[in-house]
1. Report, in debye and to the nearest 20, how large the dipole of the chain comes out about its Cα centre when Lys and Arg carry +1 and Asp and Glu carry -1 on their Cβ.
2. What Kirkwood hydrodynamic radius do you get for segment 57-120 when you take the inverse of the mean 1/r over all pairs of distinct Cα atoms, in Å?
3. Zone of R99 (label point 7 Å along Cα→Cβ, backbone N under 12 Å): which residues in segment 1-37?
4. Using a probe radius of 1.4 Å on heavy atoms only, what accessible surface per residue do you get for the chain? Whole Å² is fine.
5. Can you pull the Rg over Rh of the chain, Cα-only, Kirkwood?
6. Could you please state how large a percent of the accessible area of segment 94-164 is carbon and sulfur, counting protein chains only and using a 1.4 Å probe?
7. Cα gyration tensor of segment 83-133, axes a ≥ b ≥ c as square roots of the eigenvalues: rounded (a/c below 1.5), prolate (a/b > b/c) or oblate?
8. For F58, tell me the accessible area in Å² from a 1.4 Å probe, rounded to the nearest 10.
Amino acid sequence: MFIGEHTFKVDGKGRVSIPADFRNELTEGDPQAAATGRPRMVIVYGHESQKQLIVHTFEGFRALAEEIRGLPRGSKRRIIMERMILNLAKPIELDNDGRFVLPQMMRDKIGLDGTAYFAGMGETFEIWKPETHEAEQASFAEDWLAEMGPNANPLSLLDEAGDL
């Protein structure tokens, strides 16, 4: 499970380190990693309106692709998911030092210049420009508190599963 937050520098060539605990999850999520020592992951960079990169373990992405494949061929839901997820994704392999090169196109898409913010999201993690994440998080919290009240407990949402 990917949890927590981390901030890492991105060098001039676009190289960035993956947090060590995230690296362990990526290794567990890639059956070839034990043999190669270089786990793979899949980055979904998504539609132009998406402000972050969503990173899946290799096997996690494979399972997601299978779910999409299970939708009826030609259905609107399947076409949307194929175009917004499968088509806008890139497999990446970490180097021996736990780094990878974040392609220029992806850095440009989210406005990443010198620092990357990693946000653990459970099954996935996200890569953000720190300032963008901070603004989005503040807006999200403000909206949530306005809806739920100032003393709301996020755990109460578990009791309401399916109600949102």
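1. The dipole of the chain has a size of about 1000 debye.
2. Values: mean 1/r = 0.0708 Å⁻¹.
Across segment 57-120, the inverse of the average 1/r is 14.1 Å.
3. Taking a point 7 Å out along Cα→Cβ of R99, the residues of segment 1-37 whose backbone N falls under 12 Å are 9-18.
4. Ligands and nucleic acids excluded, the result is 61 Å² per residue.
5. On the way: Rg = 17.2 Å, Rh = 17.3 Å.
So for the chain, dividing Rg by the Kirkwood Rh gives 0.99.
6. Values: 2300 of 4450 Å².
With neighbouring chains kept in place, the figure for segment 94-164 is 52 percent.
7. rounded
8. Around 30 Å² of this residue is reachable by solvent.
The values are calculated or read from the model by the stated rules, or taken from the named source; none is laboratory data. All of these numbers come straight from a predicted model, not from anything done at the bench. Neighbour counts are summed over all protein chains in view; Cβ atoms, including those assigned to glycine, are modelled from backbone coordinates with ideal geometry. Ligands, DNA and RNA are stripped out before the accessible areas are found, and what is left, the full protein with its side chains, is counted by its heavy atoms. Shrake-Rupley method; radii C 1.70, N 1.55, O 1.52, S 1.80 Å.
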